[in-house]
Structures are given as C-alpha cells and as structure tokens.
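Colleague: Would you mind keeping the following structure in view while I ask a few things?
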Amino acid sequence: MSPESSDGHDLRRSFRDREELIDYLRQQFPEAAAVAPQVSTMRGGYQAAIAQLDAINPLRYGKTRNFLDGAVTRLSPYIRHGVLSLATVRDRVLSQIRQRSDGEKLITELAWRDYWQRLYWEWGDRIWRDREPYKTGWNLEQYGESLPTDLQAAATGLACMDRFSRELQATGYLHNHARMWLAAYLVHWRRIRWQAGARWFLQHLLDGDPASNNLSWQWVASTFSTKPYWFNRENLQRYNGDRDCQDCPSRDRCPFDGSYDDLADQLFPNAEFRDQPRQGGRWHRDRSHSHQR
C-alpha cells in the first residue's frame, strides 16, 4: 500500500518518518490525542525489541531491580503486545548465565506474568472486581471512586508522586517500584478505590496489561493479599534517592515520614491484620517484586 492510499478501513503503514506517523495517528484518533497528547520516545517493532533483549543483564537485574536507576529490562511493552514471548525472554536469560541462580529473579518475574495471565484467562472481566474485602479496616463505601484531579495534574505538592504522575503520562512507563508507591499513595493515603488507579495506568502505560496491572493493584490494596502494601520515606529514599525529597514543598510535613508501625497507626487503625503476629518486629513485608517490567 502506498503512503497515500487507504480503502477507508485499514490504517496507513508507510511513512516518511516518525513525525509523519505521529501526525497521522493524531488525526485518526483525535479523542486519544486530546486526552494524552504526549508521545513516548520508546520505539516499537521487532528490531527494537531484539535490541532491548540483547541488552539485558540477568545478574545485574537481580541485584539492582528495586532501584529506580537499576538494570531493569524495559521489555514489558514488547511482551505485552506480543512482539516477544515469555519463552523467548526466558531462553535468552538462560543463554546468558552460568548458573541458574544468576537468572532466578528475572525468570521468576516471567513466571509471575504467566501466572497473572492464567488467572485472567479464568476470571476474565472479574479481575475488575475486588477478589476479597479490603484488609485495611475501612469499608468499601469509605473509599472514593474517582482519581483525584491534583494527582492527575501532578499538583499534589509531593515531589515524588508528582514526578511519577508526569512520567507515567509523558513516557507511558514507570519503574515497578514507582508504580507500587503511587498505587499505595492513592489507595491508602488518599483512600481511593484501586479500580480508579488501575484504569489510569491502563490509559497511559505502553505495557498496560489488564492481568498484571489489576491484580498488582489488588495486591497493594489488600483485596488480593492478606494485608495492604505501604511504604515510608526511608524506603522511598533508599530506592529512589534524595532527588525528590530535597526540593519537595512538603519535605517538612511529609506524609510518608515515620516507621511502618507509626504509619500503620495512621492509615489502618482498625485493621484486623494488626492483631496478627509480626515478623521482624513489624507487619509489613517489603515485597518489591515486579509484575510489570
């Protein structure tokens, strides 16, 4: 098909350059362009996927994946859209390592993604429903249903959350740890139902897969886990550094300041999980696993 031809049903496939492609898509999908005019710099296609696959370092991934500047793979968009299969990535990992433990973390994350897909196959659209009641001590009716406008506008006054919001909308990507922090902030500090955040993520993420997205949100919210996930400022600074805290307008009144126990007192004063035996002196387990890499 020539660059100018179309039968009224098929989209054009040939363009002089990337800018012409972007302009064409904005014309074809004006509603989407009005909602999110930014275009990610991430390149699509098989060749870009293979280049990204060739660049992975399984051992460094395992050691640094929880840090926002860590050696994450950035393969999730290609997996999400079927450019790469989980088996292809697994085989590449196995070909790069001398012993299986060197690739264990990365292969485990591939297994989690497969697990979410199998649940999605069984449950279908029911992944949008709470799998279980909240374990936070709050009733469902005490959670709002709409995404806060200040978070969407990156105007919360919290430098970290505002940066994550801008990055999500501008690039179509967020490091998994940032996703967990943003989700916990929305559900537990702002007390908004996880579905609002899940829809927001799927609207912008290039790797937005309903299975891993929704069930990870449910894990944070505690509707698909035994207790909620939350974090504190120490955890955020450990993996994110001080770049947000130094210039944050709320640095002297940070809502994330305090121990996990102190924050549990504030966020979940009536939660039943607090009556359970603690591990390591606290209820929270820092499960910085990626289901969305």
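Colleague: Kindly evaluate Trp219 against the criterion of being more than 20 Å from Val72 (Cα to Cα) and either among the β-branched types (Val, Ile, Thr) or open to solvent by 10 Å² or more (accessible area, probe 1.4 Å) (or both). Working first, answer last.
Modeller: Values: more than 20 Å from Val72 (Cα to Cα): yes; either among the β-branched types (Val, Ile, Thr) or open to solvent by 10 Å² or more (accessible area, probe 1.4 Å) (or both): yes.
Against the criterion (more than 20 Å from Val72 (Cα to Cα) and either among the β-branched types (Val, Ile, Thr) or open to solvent by 10 Å² or more (accessible area, probe 1.4 Å) (or both)), Trp219 qualifies.
Colleague: What's the total number of residues in region 26-41 that are at pLDDT below 90 and in contact with a helix residue (DSSP H, G or I) (Cβ under 9 Å, 6 or more places away or on another chain)?
Modeller: The number of residues fulfilling the criteria is 9.
Colleague: Note down all Cβ pairs under 6 Å where the first residue falls in region 93-121 and is among the charged types (D, E, K, R), the second is outside any helix (DSSP H, G or I) and at pLDDT below 95, and they're at least six residues apart or on different chains.
Modeller: So the pair list comes out as Glu109/Ser290; Glu109/Arg293.
Colleague: Whether any residue in region 163-177 is more than 15 Å from the chain's Cα centre (by Cα), open to solvent by less than 10 Å² (accessible area, probe 1.4 Å) and free of Cβ contacts under 8 Å to residues at least 60 places away in the same chain is what I want to check.
Modeller: Applying the first criterion (more than 15 Å from the chain's Cα centre (by Cα)) to region 163-177 yields none.
No, every residue in region 163-177 fails to be more than 15 Å from the chain's Cα centre (by Cα), open to solvent by less than 10 Å² (accessible area, probe 1.4 Å) and free of Cβ contacts under 8 Å to residues at least 60 places away in the same chain.
Colleague: I would also like to ask the following. Can you pull out the residues in region 130-158 that are assigned to a loop (DSSP other than H, G, I, E, B), open to solvent by 20 Å² or more (accessible area, probe 1.4 Å) and in contact (Cβ under 8 Å) with a residue 24 or more places away in the chain?
Modeller: Asp130, Arg131, Glu132, Pro133, Tyr134, Lys135, Gly137, Trp138, Glu145, Ser146, Leu147, Gly157, listed by residue number.
Colleague: Does region 32-69 hold any residues that are closer than 18 Å to His204 by Cβ and not in a loop (DSSP other than H, G, I, E, B), and which are they?
Modeller: Ala32, Ala33, Ala34, Val35
Colleague: Hey, another quick one. List the pairs whose first member sits in region 38-61 and is more than 15 Å from Val72 (Cβ to Cβ) and among the aromatic types (Phe, Trp, Tyr), whose second member is in a loop (DSSP other than H, G, I, E, B) and modelled with pLDDT of 95 or more, and whose Cβ atoms are under 8 Å apart, counting only residues at least 6 apart or on separate chains?
Modeller: Tyr46/Val83
Colleague: Read through the list (1) touching a residue at least 40 places away in the same chain (Cβ under 8 Å); (2) open to solvent by 20 Å² or more (accessible area, probe 1.4 Å), then give the number of the only condition that Leu236 fails.
Modeller: The single condition Leu236 does not satisfy is (2).
Colleague: Does region 250-264 hold any residues that are farther than 12 Å from Gly157 by Cα, in a loop (DSSP other than H, G, I, E, B) and open to solvent by 20 Å² or more (accessible area, probe 1.4 Å), and which are they?
Modeller: Residues satisfying the conditions are Asp257, Gly258, Ser259.
Colleague: For Asp125, state whether it is free of Cβ contacts under 8 Å to residues at least 40 places away in the same chain, open to solvent by 20 Å² or more (accessible area, probe 1.4 Å), part of a helix (DSSP H, G or I) and of a type outside the set (Lys, Arg). So that I can check it myself, show each step before the final result.
Modeller: Values: free of Cβ contacts under 8 Å to residues at least 40 places away in the same chain: yes; open to solvent by 20 Å² or more (accessible area, probe 1.4 Å): yes; part of a helix (DSSP H, G or I): yes; of a type outside the set (Lys, Arg): yes.
Answer is yes for this residue.
Colleague: Residue under question is Asp247, and the condition is that it be touching a residue at least 40 places away in the same chain (Cβ under 8 Å), open to solvent by less than 10 Å² (accessible area, probe 1.4 Å) and not in a helix (DSSP H, G or I); does it hold? Show your work before the answer.
Modeller: Working: touching a residue at least 40 places away in the same chain (Cβ under 8 Å): yes; open to solvent by less than 10 Å² (accessible area, probe 1.4 Å): no; not in a helix (DSSP H, G or I): yes.
Here the answer is no, as Asp247 does not meet what is asked.
Colleague: Looking for whichever is out of contact with any Lys or Arg (no Cβ under 9 Å at 6 or more places or on another chain) and either under 30 Å from Tyr120 (Cα atoms) or open to solvent by 50 Å² or more (accessible area, probe 1.4 Å) (or both) here; the options are Asp54, Asp91. Which one fits?
Modeller: Values: Asp54 fails: out of contact with any Lys or Arg (no Cβ under 9 Å at 6 or more places or on another chain).
Going through Asp54, Asp91 in turn, just one is out of contact with any Lys or Arg (no Cβ under 9 Å at 6 or more places or on another chain) and either under 30 Å from Tyr120 (Cα atoms) or open to solvent by 50 Å² or more (accessible area, probe 1.4 Å) (or both): Asp91.
The values are calculated or read from the model by the stated rules, or taken from the named source; none is laboratory data. Please read all numbers here as calculations on a predicted model, not as lab measurements. Neighbour counts run over all protein chains shown; Cβ positions are idealised from the backbone, glycine included. We work out accessible area using only protein heavy atoms, side chains counted, and drop any ligands, DNA or RNA first. Shrake-Rupley method; radii C 1.70, N 1.55, O 1.52, S 1.80 Å.
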